[in-house]
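We did not get these values from a lab; they are worked out from the coordinates using the rules stated. Since the model is a prediction, treat every value here as computed from it, not as a measurement. Cβ: placed from backbone, ideal geometry, glycine included. Neighbour counts: every protein chain shown.
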Amino acid sequence: MKSTTKPPVIAILSYNRLELLQSCLSSVFDNTEHPYEVCVVDQASTDGTREYLEGLGSRIHHVRTESNLGFVLGNNLVMDKYGDRDIVLL
C-alpha cells in the first residue's frame, strides 16, 4: 500500500450496464466506511449511464470515454489520474 493521506479510490468501469452499475454503487455507498472516493469510467454507454452519473453530483468522479476501451485501458485512466493513491479495481 502507498503511504498517503489521501483517501483510496474505488474504480468502477461501466459499458451499457446501468442496472448493474446502480447496484454496485449502492452497495459501495451502503457498505464502505469513509474516507474513500469513487471514480466511474463510463465507456461510451448509451443506456442512460451518463445521466445517472451526472445526477450523483459530487458523490462520485466520473470519466466518459468516446469508445469502450476495455478493462485494462479503462483502469489505466484511473491509475493515471490517481497514481498517488491506493486504488481498488471493481
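Scanning segment 33-76 for residues that are within 20 Å of Pro8 (Cα to Cα), charged (D, E, K, R), surrounded by 14 or more Cβ atoms within 10 Å (Cβ to Cβ) and out of contact with any Ser or Thr (no Cβ under 6 Å at 6 or more places or on another chain) gives a single hit, Glu37. Among the residues of segment 49-78, not one is within 18 Å of Glu37 (Cβ to Cβ), touching a residue at least 12 places away in the same chain (Cβ under 8 Å), assigned to a helix (DSSP H, G or I) and out of contact with any Leu (no Cβ under 9 Å at 6 or more places or on another chain). Filtering segment 39-90 to residues that are basic (Lys, Arg) and farther than 14 Å from Gln22 by Cα leaves Arg64, Lys81, Arg85.
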